[in-house]
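To keep things clear, I will list the structure first and then write my remarks on it.
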Amino acid sequence: MRYKVFGKTGMRVSEMTLGTWGMGGVGWDDNPEEVRQDAIRAAVEAGVNFMDTAPAYNGGAAERCLGKTLEDMGARKDIMISTKCGNVFVDGVTYRRDGSASGVRRQCEDSLRNLRTDYIDLMLVHWPDPATPFEETMTELGKLKQEGKILHVGVSNFSQAQMEEAGRFCEIEAYQPQYSMVHRDDEALIKWAAEQGMGVMTYGSLGGGILTGVFRELTAFAASDSRNRFYKHFHEPVFSRVMELLKVMDRFSEEHDNVPLAQIALNWCAQKEFVSTCIVGAQHRRKVFQNAAAFEWSLTPEEIADLDKAISTYIPTN
Ligand SMILES: NC(=O)c1ccc[n+]([C@@H]2O[C@H](COP(=O)([O-])OP(=O)(O)OC[C@H]3O[C@@H](n4cnc5c(N)ncnc54)[C@H](OP(=O)(O)O)[C@@H]3O)[C@@H](O)[C@H]2O)c1
């Protein structure tokens, strides 16, 4: 495993962060609790020391799975946890923004309970809440920090203007954007965030799984499945373009002892100097180890340039 300093926080995080959205059991392939817990154990064994979760991942179910596993392993103190606030999973289908001071505090207390801990390493505002001034949300986060309940504060899915405004009321130390070989829309913003000294943790680093090469034909996911609802590259016209990119990755893999495509995608992302760590969602021990093995080798600058050229050819940015 490789490690990087996470912006100005001083945290030394693994370049792979384990994502736990799927572990909530809603919106992704379902797995027995034991299989999910074993994936978390595998990540710890592989040297992953950063885990990302949220109360919105099925009303705290993912947090509870993570909290129980780390407690059973006695590993809490060795692992840094990011969780989120401001986005509530209401009824099994709908998400509601809530950046109010009382909502942020309640969500923080719930997360501490779910995670079986008395501190959260990084608390992110999951999505901006248009109904609440940033002053209210960020001031409350500042108070929670002063109380020692959270150690660092960050945001996800914010624009630059939103970060500049929110940062007036509490320092933003981390940014969590979507970024991968199939989603570079926010690259300029991510570079800006890194220049400000924020730790950058990318989500959807495997494009929701499409960059593993597992999906070679359009798949009809359930309406509630995140690959149907959230990741546009599982739909046309982007899907066919991604298939062309996968052919380039297939050739690259053949020339490199059939390295899994996921490892190419993760190294492409992690080796960008403005990325601190790539979040990868995986619910199986085998996939966790396969992904972690990406961080035992690196792409050369020439290889990254070749991949960048193929990406520019096939995947337009918005
Ligand atoms: N801040 C936000 O708004 C936001 C939004 C989205 C995600 N996130 C965070 O980022 C994390 C990662 O994003 P994501 O989970 O949406 O997408 P992702 O990591 O790009 O892809 C996850 C998908 O890839 C599959 N996968 C992983 N490794 C694989 C491998 N080696 N071979 C085959 N398939 C593999 C997973 O399978 P299984 O899970 O079935 O094993 C899952 O279906 C989330 O879990 C969450 O923590 C944050």
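Within region 86-100, none of the residues are within 11 Å of the ligand (Cβ to nearest atom), in contact with a helix residue (DSSP H, G or I) (Cβ under 7 Å, 6 or more places away or on another chain) and under 16 Å from Ile279 (Cα atoms). Restricting Val93, Val104 to those that are surrounded by fewer than 17 Cβ atoms within 10 Å (Cβ to Cβ) and over 18 Å from the mean Cα position of the chain (by Cα) reduces the list to Val93. Which of the residues spanning region 167-198 are of a type outside the set (A, V, I, L, M), in contact with a Lys or Arg (Cβ under 9 Å, 6 or more places away or on another chain) and within 13 Å of the ligand (Cβ to nearest atom)? Residues satisfying the conditions are Gln176, Tyr179, His183. Of all the listed residues (Lys4, Lys84, Lys68), the sole one being at pLDDT 95 or above, within 15 Å of Met123 (Cα to Cα), among the basic types (Lys, Arg) and not in a loop (DSSP other than H, G, I, E, B) is Lys84.
It is to be established whether one or more residues within region 153-164 are within 18 Å of Thr20 (Cβ to Cβ) and surrounded by 22 or more Cβ atoms within 10 Å (Cβ to Cβ). Walk me through it before giving the result.
Step one: of region 153-164, the residues within 18 Å of Thr20 (Cβ to Cβ) are 154, 156-157.
From what's left, surrounded by 22 or more Cβ atoms within 10 Å (Cβ to Cβ): 154, 156.
Yes, that holds for at least one residue.
Of all the criteria given as (1) part of a loop (DSSP other than H, G, I, E, B); (2) among the aliphatic types (A, V, I, L, M); (3) surrounded by fewer than 19 Cβ atoms within 10 Å (Cβ to Cβ), the one not satisfied by Ala194 is (1).
If only one of Ala39, Ala56 is within 12 Å of the ligand (Cβ to nearest atom), more than 17 Å from Arg116 (Cβ to Cβ), aliphatic (A, V, I, L, M) and modelled with pLDDT of 95 or more, which one is it? Talk me through it step by step, then tell me what you get.
Working: Ala56 fails: modelled with pLDDT of 95 or more.
Matching residue, one of Ala39, Ala56: Ala39.
Residue count for region 1-34 satisfying the condition of being within 9 Å of the ligand (Cβ to nearest atom) and β-branched (Val, Ile, Thr): 2.
State which residue is farthest from Gly10 (Cα to Cα) when the search covers only region 158-180 and only residues that are part of a strand (DSSP E or B) and in contact (Cβ under 8 Å) with a residue 60 or more places away in the chain. Only one residue fits best here, namely Ser180.
Return the only residue of Val242, Val248, Val280 being crowded, with 17+ Cβ neighbours inside 10 Å, among the β-branched types (Val, Ile, Thr) and away from the ligand (no atom under 14 Å from the Cβ). It would help to see each step written out before you state the result.
On the way: Val242 fails: away from the ligand (no atom under 14 Å from the Cβ); Val280 fails: away from the ligand (no atom under 14 Å from the Cβ).
Matching residue, one of Val242, Val248, Val280: Val248.
Note on region 205-227: residues that are polar (S, T, N, Q), assigned to a helix (DSSP H, G or I) and at pLDDT 95 or above amount to 1.
Does region 22-39 contain any residue that is surrounded by 23 or more Cβ atoms within 10 Å (Cβ to Cβ) and under 18 Å from Cys108 (Cα atoms)? Among the residues of region 22-39, at least one is surrounded by 23 or more Cβ atoms within 10 Å (Cβ to Cβ) and under 18 Å from Cys108 (Cα atoms), which makes the answer yes. Residue count for region 287-312 satisfying the condition of being in contact (Cβ under 8 Å) with a residue 60 or more places away in the chain and among the hydroxyl-bearing types (Ser, Thr, Tyr): 0. Considering region 199-225, and only residues there that are away from the ligand (no atom under 14 Å from the Cβ) and hydrophobic (A, V, I, L, M, F, W, C), the residue that is nearest to Pro316 (Cα to Cα) turns out to be Leu218. Only a single criterion out of (1) of a type in the set (Gly, Ala, Ser); (2) crowded, with 23+ Cβ neighbours inside 10 Å; (3) closer than 20 Å to Phe289 by Cβ is not satisfied by Ala75, namely (2).
Among the residues of region 128-157, how many are out of contact with any Gly (no Cβ under 6 Å at 6 or more places or on another chain) and part of a loop (DSSP other than H, G, I, E, B)? Even if it seems obvious, please write down each step before you answer.
So the first thing to find is which residues in region 128-157 are out of contact with any Gly (no Cβ under 6 Å at 6 or more places or on another chain), and the list is 128, 130-131, 133-136, 138-157.
Narrowing the set further to residues that are part of a loop (DSSP other than H, G, I, E, B) leaves 128, 130-131, 133, 147-149, 157.
The qualifying residues number 8.
Checking the stated criteria, Asp91 turns out not to satisfy the condition of being over 21 Å from Asp186 (Cβ atoms) and assigned to a helix (DSSP H, G or I).
Search region 228-246 for residues being assigned to a helix (DSSP H, G or I) and without any contact (Cβ under 8 Å) to a residue 40 or more places away in the chain, and hand back the single one that is farthest from the chain's Cα centre (by Cα). Steps first, please.
First, the residues of region 228-246 that are assigned to a helix (DSSP H, G or I): 228-229, 232-234, 238-246.
Then drop every residue that is not without any contact (Cβ under 8 Å) to a residue 40 or more places away in the chain, which leaves 228, 232, 234, 239-240, 243, 246.
On the way: Asn228: 18, Lys232: 17, Phe234: 18, Phe239: 22, Ser240: 25, Met243: 23, Leu246: 22 Å.
The qualifying residue farthest from the chain's Cα centre (by Cα) is Ser240.
The values are calculated or read from the model by the stated rules, or taken from the named source; none is laboratory data. What you see is a predicted model, and the numbers here were worked out from it, not measured in a lab. We place every Cβ from the backbone using ideal geometry, glycine too, and count neighbours over all the protein chains shown.
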